[in-house]
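What follows is a single structure, written as structure tokens, with notes after it.
The values are calculated or read from the model by the stated rules, or taken from the named source; none is laboratory data. As the structure is a computational prediction, the values presented were derived from the model and not from experiment. Cβ atoms come from the backbone with ideal geometry, glycine included; neighbour counts cover every protein chain shown. Surface accessibility is based on the protein's heavy atoms, side chains included, excluding ligands, DNA and RNA. Shrake-Rupley method; radii C 1.70, N 1.55, O 1.52, S 1.80 Å.
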Amino acid sequence: MGLLRRFLWPAIWLLVLLAFPLVWDTPFQQRLGTLVLLYAIAASAWNIVGGYAGQVSVGHVVFFGCGAYGALATYTHLGLPPIAGLPLGVAASVAIAAVVGVPTLRLSGHYFSMATIAVAELVRLVVANTEFLGAAVGLSGPTVPRSVLDLSFTSSLPYYYLFLAVLAGTLALTWRMENSRMGYYLRAIKDSERAARSLGAAASRYKMRAYLLSAALTAVAGSMYAIMIGFIDPESGLGILISVKILIMAALGGTGTLFGPLVGAAILVPLEEISNNVFGGGGAGLTFVVYGAVIMLLARFQPGGLLELLGRLRARAAGRGARRAA
Amino acid sequence: MTATLLQVIAGGLLLGALYALFASGLTLIWGMMNVVNFAHGDFVMLAMYTSFVVWKTLGLGPAASVPIAALVLATVGIVAYFALVRHVMRAPMIAQILATFGLALFLRYGVFWYFGANFLSLPDNLVGGTYDIWGIRLPAARLLAGAVALLVTAGLHLLLTRTMLGSRMLAVAEDEAAAQLMGIRPHRMQAVAWGLAAGAAGIAGALISTFFYISPTVGETLAIVAFVTVSLGGFGSVPGALVAGLLIGVIESLSAYWIGAVYKDIVTYSLFVAVLWLRPQGLMGKA
């Protein structure tokens, strides 16, 4: 029974994820599934620093933008397939994370949050005024694929499985971190101010490591986005609303849990697509009003996210069942 | 040449006084209860729209819109404190940041949804005229805004340092439990702080709206300016915010004049990163 329960549910979920675009196979559904996975990658990456290390980045889009711009700048200026620019985007992300993280992770977490938002805006303004990066107009990818390496497909299906593989890699890295010495340190730091102080330099070193890993993985998500959409401009690649989406998905599902960000993305991406379809462009504002309200309600009543709530309800039901049996 | 430069610096000082005013609200809340209000810039934005509505419906200028915006925003601040902030103050930091960040989004896109994305502005002649002081030409609207902002910031400082109410608030900031034993109600004092901080943002917003465009996302830029001001001035320090605000106003004006208007925000944000690296305790803070 234990063995069955341990492997049965993960196997079922994996099967659902693998079969999803084949069962729900209209272009709209396949695209929806692909976008869920894309945002799940970004939100899972955010979760490493925002959830596990407890350092709330509100400017994570800067890393997303690095990945996206790295891919399309490599294509535009060197004529290489966009994917070849991924390492460039990751390197830029890690460099920016170091600039933000080194001075702020030693200080109270508020400094970190403020610095992340300021640096994201700074980079957006710089990019919007840099001709080399397309300035306000943006950069485009290959319109006609020259080879399969360009990863330019008309159907969402190949992207779906590509993103699923990247998400699996991201979650595997997160899981390894969670169960390593680093994971224990981060939990200790998050749980107790005193532990954090007594660890001193080690605490900020582990936070830094989490931040760098998170930045690198978010850049991967950005590259994936740019390769799929084939276009990037300062608003879609570096706008603050992308940061908001990444953050709220992780927070809704549950920060510091392995699958929380995926759950959050699976709820919010379809909601947003549907609300865009129903309300059209005028609904854009309304979507973020709702996001704002959801974040406030979460912070006020359920800061642990939905997965924690589910766990608590299940424990309560189990307790009730046990009492009845007794 | 010198006259132009002096004019640029004077304009920067007047703008800086406004930065100082709304940043002192942010620094007050941070210093008192160790909460960063990510919605502070959007409080200023809300005040700008309040001022627009006052002009549109009543046809009145800053003489009416400043007190009205102050009252409206103070109410918003106090409500935000009791409905939201009070409950997350002892929660993990992520809950605090999510709470005020969520409030920021809610206000920003609520206004976006209701008023639309278009830039609005008040008529130029609402505070008419331009004064010529020793060859420096200054629009009356900016002169009025800068002067009122300086007065209110000074008033806030005096309130905190010279009155019974201020002493009570500082006592709560110092040690909540001890203050409670002395018969001070911490929640009431913290609510007052939120009212004062949001009210200051309200006055600043109503003043800025007399010479600046009004848009739903203007608060985002202003919030970052406030962060820069507060980190430069040192946390919890109103005089620090004043000095830093004036300094940033001048730096912004000079960089707009020398390098170009689009680069002034880049300069300000870079300054923030530089402060974090070189002097994270702020100009007037202790190491």
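Most tightly packed first, judged by the mean number of other beta-carbon atoms within 10 Å of their residues, the peptides A:45-55, B:226-236 read A:45-55, B:226-236.
Packing here is the average count of other Cβ atoms within 10 Å per residue, and on that basis the peptides A:106-118, A:169-181, highest first, run A:106-118, A:169-181. With a 1.4 angstrom probe, the accessible area lost at the B-A interface totals about 3900 Å².
Take A:R31: with every protein chain present and a 1.4 Å probe, its accessible area is about 100 Å². Just check chain A against the gyration tensor rule for me: Cα atoms, a ≥ b ≥ c as the square roots of the eigenvalues, rounded for a/c under 1.5, and otherwise prolate or oblate depending on whether a/b exceeds b/c. Oblate shape, in that a/c is at least 1.5 and b/c is the bigger or equal ratio.
The accessible-area ordering, largest first, of the residues B:I94, B:I9, B:I214 stands as B:I9, B:I94, B:I214, per a 1.4 angstrom probe. Is the range A:67-179 rounded, prolate or oblate when judged by the Cα gyration tensor, a ≥ b ≥ c being the square roots of its eigenvalues, rounded requiring a/c under 1.5 and prolate requiring a/b larger than b/c? Verdict is oblate for the range A:67-179.
The order of the peptides B:105-116, B:44-55 by mean Cβ neighbours within 10 Å, most packed first, is B:44-55, B:105-116.
Once all protein chains are placed together, B:D265 keeps about 30 Å² accessible to a 1.4 angstrom probe.
Taking only the Cα atoms of the protein assembly as shown, how large is their convex hull per residue, in Å³? Before the final figure, lay out each step's value.
Values: hull volume 114.7 nm³, N = 613.
Normalising the Cα hull of the protein assembly as shown by residue number yields 187 Å³.
The residues of the range A:291-309 listed by number as losing at least 40 Å² of accessible area in the complex, against the isolated chain and with a 1.4 Å probe, are A:I295, A:M296, A:A299, A:R300, A:P303. For chain A, a crude dipole built from +1 on the beta carbon of Lys and Arg and -1 on the beta carbon of Asp and Glu, taken about the Cα centre, is about 1720 debye to the nearest 20. Compute accessible area for the range B:77-124 by itself and then with all protein chains, 1.4 Å probe, and report residues whose area falls by 50 Å² or more. Residues shielded by partner chains are B:M93, B:I94, B:I97, B:L98, B:F101, B:L105, B:F106, B:Y109, B:W113. Sorting A:D191, B:D42 by solvent-accessible area of protein heavy atoms yields A:D191, B:D42, largest first, with a 1.4 Å probe. When you restrict to C-alpha pairs under 8 Å that are six or more residues apart and normalise by the size of the range A:27-325, the relative contact order lands at 33 percent.
With point charges of +1 on the Cβ of Lys and Arg and -1 on the Cβ of Asp and Glu, referenced to the Cα centre of chain A, which listed residue (A:V148, A:T26, A:T255) lies farthest in the positive direction of the dipole? Checked the options; the winner is A:T255.
Calculated accessible area for chain B comes out at 41 Å² per residue, all protein chains present (probe 1.4 Å; ligands, DNA, RNA ignored).
For B:M182, the solvent-accessible surface computed with a 1.4 Å probe is close to 150 Å², ligands and nucleic acids excluded.
When A:H60, B:H87 are compared by accessible area at a 1.4 angstrom probe, the order from most to least is B:H87, A:H60. For the range B:108-260, the convex hull drawn through the C-alpha positions has a volume of 150 cubic angstrom per residue.
For the range A:1-105, the relative contact order comes to 14 percent (Cα pairs under 8 Å, sequence separation of at least 6). Summing Cβ point charges (Lys, Arg +1; Asp, Glu -1) relative to the Cα centre of the protein assembly as shown gives a dipole of roughly 2160 debye. Within the accessible surface of the protein assembly as shown, defined with a 1.4 Å probe on protein heavy atoms only, the carbon and sulfur portion equals 68 percent.
Comparing mean-square fluctuations of B:Q190, B:Q180, B:Q96 from a GNM of chain B with C-alpha springs under 10 Å, the top value falls on B:Q180. For the pair A:L8 and A:F153, label points projected 7 Å from Cα toward Cβ lie 3.3 nm apart.
Considering chain B as a Gaussian network with a 10 Å cut-off on Cα pairs, which listed residue, B:L181, B:L21, B:L58, attains the greatest mean-square fluctuation? Result for chain B, Cα springs under 10 Å: B:L181 fluctuates most. 3J(HN,Hα) along the range A:99-104: 4, 7, x, 4, x, 8 Hz, from the Karplus curve 6.51 cos²θ - 1.76 cosθ + 1.60 with θ = phi - 60°, whole Hz, x for Gly and Pro.
Extending 7 Å from the Cα toward the beta-carbon at both B:H87 and A:I267 defines two label points whose distance is 1.6 nm.
For the range B:136-225, chymotrypsin sites (Phe, Trp or Tyr not before Pro) meeting the loop criterion (DSSP other than H, G, I, E, B) and having at most 15 other Cβ atoms within 10 Å: B:Y213. The mean number of partner chain beta-carbon atoms within 10 angstrom of a residue's beta-carbon across peptide A:117-129 is 5. The mean number of partner chain beta-carbon atoms within 10 angstrom of a residue's beta-carbon across peptide B:269-281 is 5. Whole-Hz Karplus values for the range A:24-37 come out as 9, 10, 6, x, 4, 5, 5, 5, 4, x, 5, 5, 4, 5 Hz, taken residue by residue from phi with 6.51 cos²θ - 1.76 cosθ + 1.60 and θ = phi - 60°; glycine and proline positions read x. Since only B:V79, B:Y109, B:A95 are under comparison, the one whose Cα sits farthest along the positive direction of the charge dipole of the range B:2-278, derived from C-beta charges on Lys, Arg, Asp and Glu, is B:V79. Amide H to amide H distances under 5 Å link A:F231 with A:G141, where only residues 5 or more positions off or on other chains count and H is placed in the peptide plane. Just going by the charge dipole of the range B:2-278, with Lys and Arg at +1 and Asp and Glu at -1 on Cβ, which of B:L165, B:Y49, B:Y213 is farthest out on the positive end? It is B:L165, whose Cα lies furthest towards the positive end. The string of couplings for the range A:225-234 from the Karplus curve (6.51, -1.76, 1.60, θ = phi - 60°) is 4, 5, 5, 6, 7, x, 7, 8, 9, x Hz, one whole number per residue in order, with x for Gly and Pro.
Would you work out the relative contact order for the range B:2-278, in percent, from Cα pairs under 8 angstrom that are 6 or more residues apart?
41
Axis of helix B:40-58 versus longest Cα principal axis of chain B: the two differ by about 60°, to the nearest ten degrees. Taking amide H as placed 1.01 Å from N in the peptide plane, B:F211 has no amide H partner under 5 Å among residues 5 or more places away or on another chain.
Across peptide A:239-247, the mean count of Cβ atoms from other chains lying within 10 Å of each residue's own Cβ comes to 2. Each Lys and Arg Cβ is given +1 and each Asp and Glu Cβ -1; about its Cα centre, the range B:2-278 then shows a dipole of about 400 debye.
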